[in-house]
1. For the chain, what D do you get in µm² per second when you plug the Kirkwood radius from alpha-carbon pairs into Stokes-Einstein at 25 °C and 0.890 mPa s?
2. Can you work out the Karplus-derived ³J(HN,Hα) for every residue in segment 116-133? Use 6.51 cos²θ - 1.76 cosθ + 1.60 with θ = phi - 60°, whole Hz, and x for glycine or proline.
3. Relative contact order, percent, of the chain when contacts are C-alpha pairs under 8 Å separated by at least 6 residues?
4. Counting Lys and Arg as +1 and Asp and Glu as -1, each charge on the Cβ, what is the dipole of segment 2-139 about the Cα centre in debye, to the nearest 20?
5. Over the Cα atoms, compute the radius of gyration (one decimal) and Dmax (the largest Cα-Cα distance, rounded to a whole number) for segment 125-197, in Å.
6. Kindly sort HIS32, HIS270, HIS223, HIS176 by accessible area of their heavy atoms, largest first, with the probe set to 1.4 Å.
7. State to the nearest 20 debye the size of the charge dipole of segment 127-282 about its Cα centre, where the only charges are +1 on K and R beta carbons and -1 on D and E beta carbons.
8. Around VAL96, what is the net charge, scoring Lys/Arg as +1 and Asp/Glu as -1 over all other residues with Cβ under 15 Å from its Cβ?
Amino acid sequence: MSISRIGVVGAGFMGSGIAEAAARAGVDVTLHEPGQEPLDRSKARIEQSVARAVKGGKLTEADAGQLMDRIEWTTSVDDLAGSDLVVEAVVEDVQVKGPVFQRLDALAPDAILASNTSSIPIAQIASWTQNPDRVLGLHFFSPVPVMKLVEIVVGLDTGADAVERAAEFAEQIGKHPIRTKDRSGFIVNMLLVPYLMAAVRMYEDGFASREDIDDGMKLGAGHPMGPLTLCDFIGLDVLYAVCDSLYEEFKQPEYAPPPLLKRMVVSGHHGRKTGRGFYEYA
């Protein structure tokens with residue numbers, strides 16, 4: 001049974017991207033934030049993204065109009081009732097996510113409840129609900145409308161039916177689902193983070209310039225983006241949270257965030273989204 005309506009909690013960069021990708025595939029979306037200002041920013045962000053798609057010939061004007069009509073922006077969480085699937089995309093803090101799932105559990109008793117978390121255990125999130133069999137992870141990658149991969153994170157109590165429907169939804173919106181056990185970092189971040197942190201340590205130690213580190217991996221290893229540029233693109237605050245979670249779970253030094261990363265995060269240098277990270281952005 002295909003998913004016809006989804007709810008998205010959190011109208012930031014990731015939540016807006018998930019909403020756009022689903023609406024582009026013909027799925028109705030209700031996008032929730034408790035405040036109007038982030039909803040206004042979300043709408044402007046999606047409008048800009050859709051306009052670029054029209055300009056690039058990827059969408060017609062008519063398709064763009066229909067896409068926008070499929071998205072409802074709302075400050076009322078009650079409007080998520082009736083969704084077939086709800087995806088949570090709020091800040092990476094279980095003390096924030098937990099109450100969200102507690103509310104969704106009561107509000108949408110028949111929906112699949114998914115988290116876009118990149119590091120928090122699904123079992124921990126599911127513990128806030130009465131029905132953990134319908135809770136799983138749907139970890140999208142940024143920018144969501146472009147990136148094809150979705151990690152389906154299967155929690156300790158996640159039911160097989162929820163997993164199958166989540167995989168079908170991912171394919172329905174043009175994504176490639178891969179399945180992973182509920183361990184911190186899942187597949188991609190567990191492999192990616194040690195590589196990125198090695199680059200940060202190399203730069204922190206003065207071993208090479210940021211440009212040479214990035215050029216080395218682009219031109220020597222065929223990567224489309226150097227590691228420090230990728231850190232800025234992901235967001236240094238997000239990376240720090242992922243590193244913290246990985247280190248807490250595995251206690252292996254390659255996952256520990258270097259001191260430089262912590263100081264950049266507390267200074268507000270979060271990468272591209274704040275205008276400054278390892279590089280500066282206009």
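The values are calculated or read from the model by the stated rules, or taken from the named source; none is laboratory data. From a predicted model like this one, the values you see are computed outputs, not experimental measurements. Using ideal geometry, Cβ is built from the backbone for each residue, glycine included, and neighbour counts are taken over all protein chains shown. Protein only, heavy atoms only, side chains kept; ligands, DNA and RNA dropped before computing areas. Shrake-Rupley method; radii C 1.70, N 1.55, O 1.52, S 1.80 Å.
1. Details: Rh = 19.5 Å.
Once the numbers are plugged in, D ends up at 126 µm²/s.
2. For segment 116-133, the Karplus curve yields 8, 3, 9, 8, 6, x, 5, 4, 5, 5, 5, 5, 7, 10, 8, 10, x, 5 Hz.
3. 14
4. For this selection, approximately 400 debye.
5. Cα-based Rg and Dmax for segment 125-197 come out at 12.9, 38 Å.
6. The ranking, largest first, comes out as HIS176, HIS223, HIS270, HIS32.
7. Numbers: 16 positive and 21 negative charges, 38 e Å.
My answer is approximately 180 debye.
8. Net charge in that neighbourhood comes out at -3.
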